[in-house]
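Report on the structure given below.
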Amino acid sequence: MAPSPLNGVKLELAVIVCLGVGLWLAAGRVLDSAAAQLAVLALGGVAGAAWVVLRARRILARHRDPAPRA
C-alpha cells in the first residue's frame, strides 16, 4: 500500500498541537487577563488551523492534478 500524501500534514498537525499546549502554558504565566489569554489562544488556534487547511488543500490539489502549473 502506498503511503498517504497527507502524512506530512499529520506530522505538522502534531507539531501545531504541541506548540498550542506550549502557548497555553505560556499565556497562563505571562498574561493576567482571561480575555487576553483567550485572544492569544484563539489567534494561535486560528493560525494553526489555517496552516493545516492550506497545506492539505495544496497537497490534495497537487494529488488530483499532477500536471505542473505555469
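Give me the dipole magnitude in Debye, nearest 20, for the chain about the Cα centre, with unit charges on the beta carbon: positive for Lys and Arg, negative for Asp and Glu. Walk me through the numbers on the way to the answer.
On the way: 8 positive and 3 negative charges, 76 e Å.
Roughly 360 debye for the chain.
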So how long is each side of the chain along the principal axes, counting just the alpha-carbon atoms, biggest first, in Å?
52, 29, 13
Give me the net charge for the shell around Arg57: Cβ to Cβ below 13 angstrom, other residues only, Lys and Arg +1, Asp and Glu -1.
+3
Along the Cα→Cβ direction, 7 angstrom out, place labels at Met1 and Arg58. What is the inter-label distance in nm?
2.7
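Expressed as a rounded percentage, what relative contact order does the chain have, with Cα pairs under 8 Å and six or more residues apart?
Details: 23 pairs, mean separation 30.8, N = 70.
Relative contact order for the chain comes out at 44 percent.
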Through the Karplus equation 6.51 cos²θ - 1.76 cosθ + 1.60, θ set to phi - 60°, convert the phi angles of segment 26-33 into ³J(HN,Hα) values in whole Hz; use x for Gly and Pro.
5, 5, x, 8, 8, 9, 8, 7
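Based solely on its DSSP helices, what 222 nm [θ] is calculated for the chain when runs of n ≥ 4 H residues each add -39,500 (n - 2.57) and the sum is averaged over all residues, nearest 500 deg cm²/dmol? Intermediate values should be presented prior to the final figure.
Values: 2 runs with 55 residues, N = 70.
That comes out to -28000 deg cm²/dmol.
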Could you work out how far helix 34-64 tilts from the main Cα principal axis of the chain, as a 0 to 90 degree angle to the nearest 10?
0
Whole-Hz Karplus ³J(HN,Hα) for segment 13-20, in order, using 6.51 cos²θ - 1.76 cosθ + 1.60 and θ = phi - 60°, x for Gly and Pro?
5, 4, 5, 5, 5, 5, 5, x
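Values quoted throughout were computed directly from the atomic coordinates according to the rules given, and no laboratory measurement underlies them. Keep in mind that what you see is a predicted model, and the values were worked out from it rather than measured. Methodologically, a virtual Cβ is constructed for each residue, glycine included, from the backbone with ideal geometry; neighbour enumeration extends over all protein chains shown.
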